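Just so it is clear, none of the values below were taken in a lab; they were calculated from the coordinates. All values reported here derive from a predicted model rather than from experimental measurement. Every residue, glycine as well, gets a Cβ built from its backbone with ideal geometry; the counts of neighbours run over all protein chains shown.
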Amino acid sequence: MTLWHGRLSGGTDDLVMEFSVSLPFDQRLAVDDLAGSRAHVRGLGRGGLLSADEVTGLLVALDTVEGELADGTFVFSAGDEDIHTAVERRVTELAGAVGARLHTGRSRNDQIATDLRLYAKRELRAVASAVLGLQRVLLERAEAAGRVYLPGYTHLQRAQPVLLSHHLLAHGWSLARDVDRLLASVERMDVSPLGAGALAGSSLPLDPDGTAADLGFAARFENSLDAVSDRDFVAEGLFDLALLGVHLSRLGEELVLWTTEEFGFAVLDDAFATGSSMLPQKKNPDVAELARGKAGRLIGNLTGLLATLKGLPLAYNRDLQEDKEPLFDSVDQIRRALAALTGVMATTRFVAENMEEAANGPSVAAVDLAEWLVERGMPFRQAHAVVGGLVGDSLARQVPLEELVAAHPDLGEEATPLLAPGVAVTRRTTPGGAGPGPVADQMERFSARLDADQTRVST
Ligand code: ARG
């Protein structure tokens, strides 16, 4: 029997059911659906729409359903179109006639909006917590990296040496903004739609404020049409996950580069690498590549939902059912990517010798020579030209840069120590810069930020 058998005669064609059924994926909202129903039942009790006994009867039945779902004994029936239908059917079987009162003043429209907000709040927080796990590992690796340095790149060309710790923390800070974004989205979506009904509220004495508080929402909806039709909280969550995915992708891309023979900056732990089915010598960075690849899918989930939403008139339209699979998928994918990448980052061996050798070429200190001239009064543009000329000369004539520097009237022997291995990186002394002084300070700030974010995520 359908939920609308009073209005429509005969059964629904099987093809309609097959096309529109959402149970296979919205099952995972069961705990949230049950929470919503409990709050609704208690609200009906407060409004005098259910007697105390009826409230108890329904709550006991909801608990039984929860137990059956948890231990796998819940039997879905062919007519269960979605999780809401399945739970209501079973509650009615268990509680008897009072089951028919469960849906009083409620629609599946406010019900699903409530379920999905509860789910999204919890899962986005869990993602933020997993991001913090990765950030912790980045911090530990940064702390352990000491004075190790490598070339910093622009245009993927060696530019200036930077401390490895500085490089690792650069990823850490972008992840800090992801945590921020996730928590801000959670805060914005912390509004209960329950009590909006199908679209316009109700003539019955419902208690949207009470049910909102009961469910742990910070507030109830202000406008019933908005409450049932809005999915910007899903789009925002998907954006946060997509951008987080983009950040993981960039980290993945660097791991791919660093573990090539060409770079040789890092060696993956065997447990976090994969082999080739044909080429016996291969050790592949599949986790890093998949982290990079998943970003495309996460972006797709966001753009897909935005396309679904863009033409929808108020209020509920069935198109909105398409909001769940992309959200579930993005949450699942990002959680797996975070876990795997955290493992990779914790176990990868950095090859300091190769990093430093790559950063010891004299030309990465070119700007230090120019700044040395600036300190002695030369305008920067002129200093830039002098040093650029020397670097060009050195390459063209195959003469070591040191010799040309030593022989130059404005530079001379006094300037050559700047070219010695490991010197340039120590000269990055400005706040937020890549040298040991500012990085030590940065590390402290990053660690404090992680502690503060840990508190925000768990409260
Ligand atoms: N499965 C539906 C969804 O996800 C639940 C709401 C159904 N509402 C309706 N009026 N058909 O959106």
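A few comments on the model shown:
- For the chain, radius of gyration divided by Kirkwood radius, i.e. Rg to Rh on alpha-carbons: 1.15
- Here the chain is treated with +1 on each Lys and Arg Cβ and -1 on each Asp and Glu Cβ, and its dipole about the Cα centre works out to around 400 debye.
- Expressed in units of 2.2 N^0.38 Å, where N is the residue count, the Cα radius of gyration of the range 343-459 is 1.44.
- Projected area, mean over directions - the range 256-413, Cα convex hull, nm²: 17.9 nm²
- Lys pairs under 25 Å by Cα in the chain, provided they are eight or more residues apart or on distinct chains: 8
- Given in Å, the Rg to one decimal and the Dmax to the nearest whole number for the Cα atoms of the range 138-278 are 23.8, 72.
- Cβ-derived FRET efficiency at R0 25 Å, Val246 paired with Val267, nearest 0.05: 0.45
- As a length-normalised measure over Cα pairs under 8 Å and 6 or more apart, the relative contact order of the chain settles at 17 percent.
- According to the Cα-based calculation, Rg over Rh for the range 344-413 is 1.16, with Rh computed by the Kirkwood formula.
- Summing +1 for each Lys or Arg and -1 for each Asp or Glu among the other residues whose beta-carbon sits under 11 angstrom from that of Leu314 gives -2.
- Loop GluC sites (Glu not before Pro), the range 141-250 (other Cβ atoms within 10 Å of the site Cβ: 14 or fewer; DSSP): Glu222
- Convex hull (Cα only) mean projected area of the range 75-227, reported in nm² to one decimal: 14.8 nm²
- Positive-end residue, the chain charge dipole about Cα centroid, Cβ charges, pick of Leu62, Phe239, Ala340: Phe239
- Estimated FRET transfer efficiency (Gln382, Asp14; beta-carbon r; R0 60 Å; 0.05): 0.15
- Taking a point 7 Å from the Cα of Val423 along the Cα-to-Cβ direction, the residues of the range 370-403 with backbone N closer than 14 Å to it are 370-373, 401-403.
- Angle of helix 30-46 to the longest C-alpha principal axis of the chain, folded into 0 to 90 degrees and rounded to 10: 50°.
- Evaluated with a Cβ-only charge set (Lys, Arg +1; Asp, Glu -1), the range 50-198 carries a dipole of roughly 1080 debye about its Cα centre, given to the nearest 20.
- Modelled label positions at Thr455 and Arg122, each set 7 Å beyond Cα in the direction of Cβ, lie 2.7 nm from each other.
- Modelled spin-label separation between Arg188 and Phe25, with each label point placed 7 Å from Cα along the Cα-to-Cβ direction: 2.3 nm.
- Once the Cβ-Cβ distance of His155 and Ser277 is raised to the sixth power relative to R0 = 22 Å, the FRET efficiency obtained is 0.05.
- C-alpha long axis of helix 164-188 to longest principal axis of the chain, angle in °: 20 degrees
- Shape analysis of the range 12-84 based on the Cα gyration tensor places the equivalent ellipsoid semi-axes at 27, 15, 11 Å, largest first.
- Mean ellipticity per residue at 222 nm, deg cm²/dmol - from DSSP H runs of n ≥ 4 across the chain, formula -39500 (n - 2.57): -20000 deg cm²/dmol
- Put in order of Cβ neighbour count within 10 Å, fewest first, the listed residues Arg376, Arg117 become Arg376, Arg117.
- Counted residue by residue at 0.36 nm each, then reduced by the alpha carbon distance between them, the extension gain from Leu395 to Arg297 reaches 30.8 nm.
- Nearest 10 degrees, 0 to 90: helix 436-458 Cα axis against the chain principal axis: 0 degrees
- About the Cα centre, charge dipole magnitude for the range 11-102 (Lys/Arg +1, Asp/Glu -1 at Cβ), debye: 500 debye
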